[in-house]
Ligand SMILES: Nc1ncnc2c1ncn2[C@@H]1O[C@H](COP(=O)(O)OP(=O)(O)O)[C@@H](O)[C@H]1O
C-alpha cells in the first residue's frame, strides 16, 4: 500500500538517527534494515520521537549550558585579573561561534525533519481518504447484498409454500389413485419443474450467503484497518503537536542565533574595551593605594602630634610648678631653663609635624582629586565612545601618514597652529570623519583636500542630520532595480557618518520578510486623507541592513500593496500618491522634526508638493526636501484630475510653471512637480545630469531642469561593498580577492558545470550579462553580442527577464535555440544568487545601454574582477574608461567602451576586449586593478551630505534673518 512506501523511503535517513539514538541499549537498527508494513507504523513513530529528542537535546539544551558558562565567565572577568578575563572571552567567543554553527546545523536538520513529517502526514491523509472511499463502496455493496438476501429469503418462503402445495397435490393425487396415466405424467412434470426451480434458488441462495460472508469478512478487515487509521489519526495529531513544538523551538533558536550573532560582534569590541578599562582600573587602584598610604601616614603623624601635645601640656604644668619653686631654689632655676629649652624644641617639632600633617593632607587631597579627575575622564571618554566610536579597522600606517600629512601642511604654513592641533587630535582619536575626509580626497588636489579637512575643524562637534527617505524600493526586502540599492547603500553610508537615517516604505505582500529584523506592528493607527475621506493605516517597524524602517499598510479597499508586485499595476498613480501622503502623515503624527526628507522617483515625488502645500503649514516644517530621479524615462504623468485624490489642488498645480506636463497640458507630471517643489534635485550620475538637460535626453523635462539648474546635480551612485564582496560572498563557490585570483577561476569552472557549458578550454573567455531586458539596455546589441562572442571563440551567459512581452518571447526563442549549446546559455529569470556567481565567473561583462542613468552592474562586475565592455552614456561614461584611450590617465583606465549604439560600435569594443584577453599576464593585472577601485558609497555619500548641509544651513540663515 502507498502508505508504506513514503516512510520506507526515509528509512535510511531515520536509520542513521536510530543507530545513534538506540545504540546505548544495544538495540540499534542497521540503516538499511527492512521493516514489515505493520511494524513500520510503530517503528517510524518511535524513530521520529527519537529523532526529535536527539535534535532537541542538541539544539535546546546545549545553548543553555553555554549561556551559563558565558554568565560565569563574565562574572569571573569582572572579579579576577585581566588576562584571565581575556582568556575566558576568547573561549567564550569560540563557544559562541561553535554554538552558532551547531544551531545552524540543527535548524537545517529540524527543517528537513519538519518537511518530511509534513510529507508523511500528507501521505497518511491521502491513504486515509482512499481507504474511506473503499469502505464506502464496500458498505454500498453490503447494503445491496443484504437487499438481495432479503429478496432471496422471500423467494425461498415462496418455494416452501409451493412445496407445501405440491405435497398437498401429491396426496390428493394419490388419494385419487387409478384415475389415469396421463394425470400421473402431469404430476411428475410439475414436480420436476418445481424441484429444478427450488435447486437453482437454493444454489443462488448459498452463493449469496457465501458472498455475504466474504463481504462481512472484508468489512471486518476494513474495520480493523479503520481502527488502525484511527490510531494513525491519533499519531497525526501527536505529530502535529510535535511539529508545532518543533516550530516554536525553531523560532526560539532563531532568535537565540540572532542574539548570539550580535553578541559575537559585540564581544570583540567589548574585549578591547575591557582591556583598556582594566589598564585604567589598575592605574586607579595604584592611585588609590598611594592615597590610602598617605592618609595612613597622615593619621599616624596626627597621633604622634597628639602625644607630643600631651607631653607639652605636662611640661607646661611642670613648668608652672617649677615657677612656684623658682625663687626658692637655684637648682630649680637651672631646671627651669632646661625645661624652657625642651619646650622650645618640642614646640619646633610640633610645628614641623603640623607642617608634615598639612602636606600629607594636601597630598591626600590631590590624590583624591586626581582619582576623581581620572574617573570623570573615564566616564566622559566612555560617553564619547558611545556617541562616536573610533575607526578601528584602519592600519596604524594610515593614521601615521595622516599625521605626517597634517604636519606637512602646518610646516608649509597651509594651515594654522590651532587647525593643525584640532586635526591632530582627531587623528589621535581615530575619528571616523577624518578617515572619511581622507577617503573622499583621494582623487582631489591638495588645495581641495585641505579645504575638506578644514571643514572638519570648523565644526568638530557638529551634530548629525536627521534624514528620512521615503521610497518605493529598498534592497534587499523590496528591490526591483537600482533604486532599491541606492536607498540602502546611501542610507547606510550616511548612517556611518553619524546621521540619523530612517526609511519609510509601503508594506508590500511580496517583500522578503525574512530579511527584516524585529518586524512588529505598532499599537497605533495613522489616518490619512484620500478621495475625500480618511483611511486607516497600520504602521509596522523593523530593521533592514541596520537601518530603521517604517512600513505603511493602508486599510483601503483597493488593497494597494497586496498585489504580488511592486509596480506595474493599472492604478500605480493612486497607490503611490496615497502612500506619499500617508508617509507624511506618519511623520507629522510621530512628531518628527527631520532636517531632510529625501524622496525618490515619480512614485514618491508627490511628497514635495504635499509637503509645502499641506504639511509644512500643519507643523511638519523643519525639513528641506531632496528629490532624486533615478530614471527620467519614468515620469508617472496622468490626467490632471487624478491629482485631487491625494488632496493636492489641481487648479493651483496644473500650471506650466508647476506640475503641468510639458507635452500634454491636460496631464500632470509628478516628476516635474518634484523638480519644482524640492530644495535639492539630484540624479544618479554627472553625465546623465547633462544628458537630461538636452532636448534629446530630457524626455520633455529638459526645459524644467534648465530653469531649476541651480539646484540640480548629478552624483554617481556607489555600490554596497559589504553585500558585493568576492572575499566574503557566501553565494560563490569559492571566495577570492585581488591578491588571490585562483578562486575566480574555480567559480568560472563551477558556473560552466552548473550551466552545462563546455569546460574543455580553460583559456576560453566568458562574457556575462545581467540585466532587465528593456529597450533602454540595448537589447538588440545584447542579442548581437551573444553571436559575436561565439564567433570570436568565447562563451556567453545571459541572466535577465523582460516585462515587455515581445522582447521576452524573442529571447525565449534564442534561449531555446541555445539550450544545449556548449558555449552559450540564456537564463530568463530574476535570480539574485545566480547573479553573484555570474559576476564572479565571467571575465568580461557587457552593458551596451542606449541610455543609462547610472548603472550598477558595471561597478559590481568590476568589484568581482569582470572587465566592463560598456557604451559611453550616462553613468557608464562616468565609471568605465577605455584601456586604449590616451586622453585618460592610465590609472583610471578600467574597461572597453564604444560610442555608437550599433553592431559595428559594439564589435569595436568586444573584439578589442577578447584580443587583450589573450595576453593573460596583462589581463590579470587589469583584473587586479579594477578589483581595487573604490566603488563604495563613501565619496557619493559625502557629496549628498554636503548638499544636505548647505541646504539646511541656508534654511537656518533665512530663518534667523526673518
Ligand atoms: N535577472 C536578474 N537577476 C538578478 N539580478 C538582476 C537581474 N537583472 C538585474 N539584476 C540586478 O539589478 C540591478 C540592476 O541595477 P542597474 O544596473 O542600475 O539597472 P536598472 O536600470 O535595472 O536599475 C543590479 O544589482 C543587478 O545585479
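The set of residues in region 677-697 that are over 16 Å from residue 635 (Cα atoms) and in a strand (DSSP E or B) contains only 680. Residues that are within 12 Å of the ligand (Cβ to nearest atom) and in contact with a helix residue (DSSP H, G or I) (Cβ under 6 Å, 6 or more places away or on another chain) were ranked within region 464-482; the one that is nearest to residue 607 (Cα to Cα) is 473. Of all residues in region 845-866, those that are more than 8 Å from the ligand (Cβ to nearest atom) and under 22 Å from residue 924 (Cβ atoms) total 9.
Filter region 783-810 down to residues that are within 12 Å of the ligand (Cβ to nearest atom) and touching a strand residue (DSSP E or B) at 6+ places or on another chain (Cβ under 6 Å) and give me whichever is farthest from residue 912 (Cα to Cα). Residue satisfying both the conditions and the ranking: 800. Of all residue pairs spaced 6 or more apart or on separate chains, those with beta-carbon atoms under 6 Å, a first member in region 469-486 that is touching a residue at least 60 places away in the same chain (Cβ under 8 Å) and farther than 18 Å from residue 563 by Cβ and a second member that is assigned to a helix (DSSP H, G or I) and within 9 Å of the ligand (Cβ to nearest atom) are 475/484; 475/485.
Sort out which residues of region 724-759 are more than 25 Å from residue 896 (Cα to Cα), touching a residue at least 12 places away in the same chain (Cβ under 8 Å) and assigned to a loop (DSSP other than H, G, I, E, B), and write them in order of number. Result: 729, 731, 732, 733, 734, 756, 757, 758.
When residue 455 is tested against the conditions (1) away from the ligand (no atom under 16 Å from the Cβ); (2) modelled with pLDDT of 95 or more, the lone failure is (2). Taking the stated definitions as given, is residue 921 at pLDDT 95 or above and farther than 22 Å from residue 488 by Cβ? Answer is yes for this residue. Listed by position, the helices (runs of 4 or more DSSP H) inside region 424-516 whose residues that are buried (at least 18 other Cβ atoms within 10 Å of the Cβ) and in the same structural domain as residue 410 (by TED's automatic domain parsing) number at least 1 are 432-440, 446-458. Here is the figure for region 761-774: residues that are touching a residue at least 60 places away in the same chain (Cβ under 8 Å) and more than 12 Å from the ligand (Cβ to nearest atom) total 4.
Among the residues making up region 762-782, those that are surrounded by fewer than 20 Cβ atoms within 10 Å (Cβ to Cβ) and touching a strand residue (DSSP E or B) at 6+ places or on another chain (Cβ under 9 Å) are 764, 772.
Here residue 732 fulfils each of the conditions (1) more than 26 Å from residue 545 (Cβ to Cβ); (2) within 16 Å of the ligand (Cβ to nearest atom) apart from (1). Across region 802-817, the number of residues qualifying as modelled with pLDDT under 95 and under 22 Å from residue 843 (Cα atoms) comes to 0.
Scanning region 827-844 for residues that are within 11 Å of the ligand (Cβ to nearest atom) and either outside the structural domain of residue 753 (by TED's automatic domain parsing) or in contact with a strand residue (DSSP E or B) (Cβ under 9 Å, 6 or more places away or on another chain) (or both) turns up 827, 828, 829, 830, 831, 834, 835, 838, 839. Pairs meeting the criteria (first residue in region 121-148 and outside the structural domain of residue 222 (by TED's automatic domain parsing), second residue surrounded by fewer than 16 Cβ atoms within 10 Å (Cβ to Cβ) and at pLDDT below 85, beta carbons under 6 Å, at least 6 apart or on different chains) are lacking.
The values are calculated or read from the model by the stated rules, or taken from the named source; none is laboratory data. Keep in mind that what you see is a predicted model, and the values were worked out from it rather than measured. For neighbour counting, all protein chains shown are included, and Cβ atoms are generated from backbone atoms with ideal geometry for every residue, glycine included.
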